[in-house]
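Asker: Can you read through this structure? Questions will come right after.
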Amino acid sequence: MGTNLREVERSIIHVDADAFFASVEQRDNPEYRGKPVIVGHDPKGRGVVSTCSYEARAFGIRSAMPMAVAYRLCPHGIFVRPRMERYAEVSRAMFSIIERYSPLIEEVSIDEAYLDVSGEDGREIALCIKRDVVKELGITVTAGVSYCKFLAKLASDAAKPDGLLVISRDDAAAFLEGLPVSRIPGIGPKTAAKLDKWGIRTVYDLKKMPPEWFESTFGKSGSRILALCQGQDDEPVAPSREVKSISEETTFAEDVPSKVSLYPHLALLCQDVGFRLRRSGLKARVLGIKVKFSDFSVSTREVTLPEAVSTDHAFYTTLKSLLDRMKLPKPVRLLGVFARGLQTDDPRQPLLLSSGPDQWEVLCRSLDQLRLKYGKPLVRLGASISARATGEAPASLDGIAKS
Ligand code: TTP
Ligand code: MG
């Protein structure tokens, strides 16, 4: 039994932040919001525009335009120099949000990535990413969803800014046919001008040409260009890096004085790490806790299990006994949970039919589906609630409750 993965329709998401550098500036400087913001070196001088806010694009300003020209187009604009370190920081935070939803991520640039979420609802996941990024980082991203990278990217380009567009197999031909030929990778401005002279302006015009013509006109890339015109692109999402560990941590608004008050936080962190691990189709053999005290000193403990685990329940029971054995000489400023020793788990195996199904696994996966749909837990496992309500230390995560 089990699903044959080759039969699953691919689902690819392309995510790209809107006016990235300018959006970070507007996020960090509320007085810039709703205004034309132009990011570039040497305002008024010989530098070029890195990017600009959509308000500035209304004046005709574009990336790579000389700053002096941008200044002429919009003298009242807000001209700022790039702060690369800050953009890199927001970029890392954005990628770590994306990592919650798939282990198959190809980072294309500082603000752009492809995710392979085959076998799942790409639209739902794209909505989750958009929601988390705006909520946690205060900037917007646009997402395109389709069955291949080429169309996912075209979809996000078409939906900008702050949009979401899904191009299904049925919609692909109609979507592609209306586009100018220059939107096909491999057709640069010079080639597009040549084709224009021959009356070939849209993908519809191009697609009508015979296969031999593609070869004689474009040489080796002819067959690839023809395939793209027909909406065929098998290029895989090539993961940029391997995930070695998954961790989550919470810095408390006020230092936490006792172990008992840490339990509900531990339960929440276990659920967050567990969710990410299961989304990545992984199990972990090494689980650990990090504690930062009020004087900023840090203590970590970890345990290697005989078998890899992936349920919130297993994380909580393991880490709670680890926490119980730790000395907490000072109030706690930060609590973290990490999972290492990652192994692949086949999330598609038919759990309910396998011998001796682990009901915690079944439950976790159902909760994960709810979380995908509604964002951070609508339903919480018992410990986080009961400990909060009673101040008692639960021995395990038993029962579920609505938070
Ligand atoms: P893009 O994603 O191409 O552009 P953008 O995010 O500013 O705008 P949008 O995606 O909504 O069209 O590039 C990401 C960042 O890379 C951009 O914010 C600034 C930087 N960049 C340059 O420095 N020079 C350039 O010529 C381009 C295109 C981008
Ligand atoms: Mg962008």
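A short reminder: the numbers here are calculations on the coordinates, not readings from a lab. Model, not experiment: these values are computed from the prediction. In this analysis, Cβ positions are derived from the backbone assuming ideal geometry, glycine residues included, and neighbour counts consider all displayed protein chains.
Asker: Each residue of the stretch 109-123 in order: what ³J(HN,Hα) in whole Hz does its phi give by Karplus 6.51 cos²θ - 1.76 cosθ + 1.60, θ = phi - 60°, with x for Gly and Pro?
Answerer: These are the phi-based 3J(HN,Hα) values: 7, 4, 10, 9, 8, 9, 10, 9, 10, 3, x, 10, 7, x, 5 Hz.
Asker: Does a label point 7 Å from the Cα of Ser247, set along Cα-to-beta-carbon, have any residues of the stretch 50-94 with amide nitrogen under 17 Å, and which are they?
Answerer: Within reach of a label on Ser247, which here means backbone N under 17 Å from a point 7 Å along Cα→Cβ, the stretch 50-94 contributes 92-93.
Asker: Provide His76, His41, His265, His313 in ascending order of the number of other Cβ atoms located within 10 Å of each residue's Cβ, fewest first.
Answerer: Exposure proxy ranking, most exposed first: His76, His41, His265, His313.
Asker: About its Cα centre, what dipole magnitude does the stretch 173-229 give when the only charges are +1 on Lys and Arg Cβ and -1 on Asp and Glu Cβ, stated in debye to the nearest 20?
Answerer: Around 160 debye, computed over the stretch 173-229.
Asker: Still on this structure, please answer the following. Once fully extended, how much extra length lies between Arg62 and Ser258, figured as 0.36 nm per residue of separation less the alpha-carbon to alpha-carbon distance?
Answerer: Length difference between fully extended and current span is 65.0 nm.
Asker: Using 7 Å Cα-to-Cβ label points, what is the Arg131/Arg83 separation (nm, one decimal)?
Answerer: Distance between label points: 3.0 nm.
Asker: Same structure again: If you take the charge dipole of the chain about its Cα centre, with +1 on Lys and Arg Cβ and -1 on Asp and Glu Cβ, which of Ala58, Ile129, Pro189 is farthest toward its positive end?
Answerer: Ala58
Asker: How large is the helix-only mean residue ellipticity at 222 nm for the chain, computed as the sum of -39500 (n - 2.57) over DSSP H runs with n ≥ 4, divided by its residue count, in deg cm²/dmol to the nearest 500?
Answerer: -11500 deg cm²/dmol
Asker: Could you estimate the translational diffusion coefficient of the chain from the Stokes-Einstein equation, with Rh from the Kirkwood formula over C-alpha pairs, at 10 °C and 1.306 mPa s, in whole µm²/s?
Answerer: It diffuses with D of about 66 µm²/s by this estimate.
Asker: Would you mind giving the three semi-axes, in whole Å and largest first, of the ellipsoid equivalent to the stretch 119-183 according to its Cα gyration tensor?
Answerer: 23, 14, 7
Asker: Scattering from the C-alpha atoms of the stretch 173-229 alone, worked out with Debye: what is log10 I(q)/I(0) at q = 0.12, 0.16, 0.19 1/Å?
Answerer: -0.22, -0.39, -0.57
Asker: Taking the Cβ of Glu302 as the center, what net charge do the other residues with Cβ under 10 Å away carry, scoring Lys and Arg +1 and Asp and Glu -1?
Answerer: Neighbourhood net charge equals +3.
Asker: Round to the nearest 0.05 the FRET efficiency obtained for Asp162 and Lys327 when R0 = 41 Å and r is the Cβ-Cβ distance.
Answerer: After rounding to 0.05, the efficiency reads 0.25.
Asker: Of the options Gly274, Thr311, Ile38, report the single residue whose Cα projects farthest towards the positive end of the charge dipole of the chain (beta-carbon charges: Lys, Arg +1; Asp, Glu -1).
Answerer: Of the candidates, Ile38 comes out farthest on the positive side.
Asker: Obtain the nm distance between the two label points defined at Ala93 and Ala227 by a simple spin-label model: each point lies 7 Å from its Cα along the Cα-to-C-beta direction.
Answerer: The answer from the label model is 4.0 nm.
Asker: Also, I was wondering about something else. Label points 7 Å out from Cα along the Cβ direction at Lys208 and Val108: separation in nm?
Answerer: Result: 3.0 nm between the two label points.
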